[in-house]
Amino acid sequence: MDWINDVETPCYVIDEKKLRENLEILRNVKERAGCKILLAQKAFSAYAVYPLIAEYLDGCTASGIFEARLGFEEMAKPFGRENHVFSPAYPEKDFDEILKYCDHIVFNSLEQWAKYRDKVRSAPRYIQAGIRVNPEYSEIETDIYNPCFRGSRLGTTLSRFKEQISLAEGIDGLHFHTMCEQNSDVLARTIPVFEEKFGFFFDKIKWVNFGGGHHITRQDYDVELLIDAVKKFREKHGLEVYLEPGEAVALNAGYLVTTVLDTLENGVNIAITDASAACHMPDVLEMPYRPNIIGADLPEKKKFTYRLGGNTCLAGDIIGDYSFDSTLSEGDRLVFEDMAIYSMCKNNTFNGIPLPSIYLLRENGELNLLKKFGYNDFKSRL
C-alpha cells in the first residue's frame, strides 16, 4: 500500500480492483441462477463507480426519495438499468417525484398501495408494484437489524395480508427481507417459510424479491447453495427472482485511513486518531463491532496494545483495543479495512468533525480524489 502516505486523512479509499472482483462473483450468480441482482444503495452509494457497477448488475434499489433520484440520475437513466424503491411509508409530497424516478415501487402495507394505486396505474409508463411481506421468520440475533422481530414495522404479516386481501388487486410482486450478513443456508431455510405462508398468492404475481443481507462475496459464502435455491424456486413457481445485496457489492473493497494525533496513558495506552467511531464509522458503536486494522491484532497478541479513540467530546467514541508490533506515535497512519459499505453512507459531522475525503484507487494503481469536504458541508446542514 504505497499510496497510504499520498492521501489526506481521514479518508475513505474505494478499491476498484476488489470492487470488480465482487461484481464478477455477483454476475456469475445471476447468470447461473437466472435471477436479477440490484445494488442496495443504503449500503453503498459512491456513484462515481456506478458506471462500473452497471456493467455487471441489473440496477439499484433505494430506501427514500434522494436515493431514488440518485439511482435514476446515475444508473437507471444513463445505463438503462432498473431503479427500485421501498419505504415504510411514502410521504404524499414525495410520491409524484418517485413516480418519475422508479420502475418498481414496493409498498410496506396494502393500505399504502390502496392509497397510491391510482397514481401508479395512471403513470405514463407501466410501474411494477410490490408489497413487502413479513414471513415472521429470521435468524438475526440483533433486534436493531432484524426486520422480523416481534412488533416490527417492516412488512405485512400473513394475518394482516389475508385480512386486507381485497386491497391486493393489481400487485405485481412480493418482497421480503429477513437477513443480515448471512450465508445462503439461511435463505434456504427461509424460502420454505415464505412459500408456506404466501404461496397462495404466487399465481397472481410476476416476481419475488428476496431482499438483502446475502453476503455473497464473503470468502466462506456457499454460492452453489444460493444458485440452487434460486433456480429451484424459479422453476417451481415460474416467477422472476430479485436479490438486492448491499454489502456484497463492496465487501472488503474500501478502507478508512486515519492519522494518530496524540498518544497518552490512563491505565491503558491510548491513541487519539482523526477518524472517529461516532462520526465516520457509526456501526462500530451501533452494532457494536470491532473493525480490522491492517498490520494490527487483538489486544495483547502483539507487543504493544493501544485503545484507539476518536477526536470528539463523546466519552464513548472508542474504536477498540488493538495490538501492534511497535509503539504508536503522532503522525502514524492506520488503515481500517472493509469501510466502503455503510460507513460512507451513515457518517455525520457531530462536533463539527470534518467528513473524510473519498478517493478511488484505480486498478492500475492510480489514486483519484473523488470528494473533499469542508466547512460549508458542515454549515449547510444546520
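Values quoted throughout were computed directly from the atomic coordinates according to the rules given, and no laboratory measurement underlies them. Source: prediction; values computed, not measured. Every residue, glycine among them, receives a Cβ derived from its backbone with ideal geometry; neighbour counts consider all protein chains shown.
Nearest 10 degrees is fine. How inclined is helix 184-198 to the longest principal axis of the chain, computing both from alpha carbons?
The answer is roughly 30 degrees.
Give me the distance between the Cα centres of the stretch 196-268 and the stretch 35-114, rounded to whole Å.
Between the Cα centres of the stretch 196-268 and the stretch 35-114 lies a distance of 17 Å.
Of 164, 270, 251, whose Cα points farthest to the positive end of the dipole of the chain (charges on the beta-carbon: +1 Lys, Arg; -1 Asp, Glu; origin at the Cα centre)?
Projecting each Cα onto the dipole axis, the largest value belongs to 164.
Each label point is 7 Å from the Cα along the Cα-to-Cβ direction; what then is the distance between the points at residue 77 and residue 206, in nm?
With each label point 7 Å from Cα toward Cβ, the separation is 2.4 nm.
What order do you get for 84, 215, 177, 237 when you list them from fewest to most C-beta neighbours inside 10 Å?
The most exposed by this proxy come first: 237, 215, 177, 84.
Quickly work out the residue 301-to-residue 364 label distance, labels modelled 7 Å from Cα along the C-beta direction, and quote it in nm with one decimal.
So the two model labels end up 3.7 nm from each other.
Please arrange 87, 63, 276 by counting, for each residue, the other beta carbons lying within 10 Å of its beta carbon, fewest first.
Ranking 87, 63, 276 by Cβ neighbours within 10 Å, fewest first, gives 63, 87, 276.
How would the stretch 1-86 be classified by its alpha-carbon gyration tensor: rounded, prolate or oblate, with rounded meaning a/c under 1.5 and the a/b versus b/c comparison settling the rest?
Oblate.
Of 36/77; 301/372; 77/231; 206/346, which pairs sit farther than 27 Å apart, going by alpha carbon to alpha carbon?
Over 27 Å apart, Cα to Cα: 301/372; 77/231; 206/346.
How big is the antiparallel share of DSSP beta bridges in the chain, given as a percent to the nearest 5?
Antiparallel bridges make up about 40 percent of those DSSP assigns within the chain.
On full extension of the chain, what length is gained from residue 195 through residue 8, given 0.36 nm per residue of separation minus the C-alpha to C-alpha distance?
62.2 nm
Under 18 Å Cα to Cα from residue 204, which lysines show up? Leave out anything in the same chain fewer than 8 places away.
162, 236
Pop a pseudo-label 7 angstrom from the Cα along the beta-carbon direction at both residue 47 and residue 185 and give the gap in nm to one decimal.
Inter-label distance under the simple model: 4.1 nm.
Using only Cα atoms, find the angle between the long axis of helix 92-101 and the longest principal axis of the chain, and express it within 0 to 90 degrees, rounded to the nearest 10.
Its long axis makes an angle of about 90 degrees.
With r defined as the distance between the Cβ atoms of residue 263 and residue 220 and R0 fixed at 41 Å, what FRET efficiency is calculated, to the nearest 0.05?
0.65
Which ordering of 103, 220 is given by a fewest-first count of other beta-carbon atoms within 10 Å?
Neighbour counts put them in this order, fewest first: 220, 103.
What's the magnitude of the charge dipole for the stretch 34-250 around its Cα centre, counting Lys and Arg as +1 and Asp and Glu as -1 at the beta-carbon? Answer in Debye, nearest 20.
Value, rounded to 20: 660 debye.
Measure nothing but the geometry: give the 0 to 90° angle between the long axis through the Cα atoms of 110-121 and the longest principal axis through the Cα atoms of the chain, rounded to 10°.
The two axes meet at around 80 degrees.
Can you list the residues of the stretch 93-109 with backbone N under 14 Å from a point 7 Å past the Cα of residue 119, pointing along Cα to Cβ?
Correct set: 93-102, 105-108.
Can you give me the C-alpha center-to-center distance between the stretch 129-155 and the stretch 290-358, rounded to a whole angstrom?
Each part's Cα centre sits 32 Å from the other's.
Report the normalised scattering of the chain as log10 I(q)/I(0) at q = 0.06, 0.08, 0.15 Å⁻¹, calculated by the Debye formula with identical scatterers on the alpha carbons.
Summing over Cα pairs of the chain leads to -0.26, -0.45, -1.35.
Specify which residue in the list 183, 209, 122 is farthest towards the positive end of the charge dipole of the chain, using unit charges on the beta carbon of Lys, Arg (+1) and Asp, Glu (-1), about the Cα centre.
Projecting each Cα onto the dipole axis, the largest value belongs to 122.
Suppose the chain between residue 127 and residue 145 were pulled fully straight at 0.36 nm per residue; how much longer would it get relative to their current alpha carbon spacing?
3.5 nm
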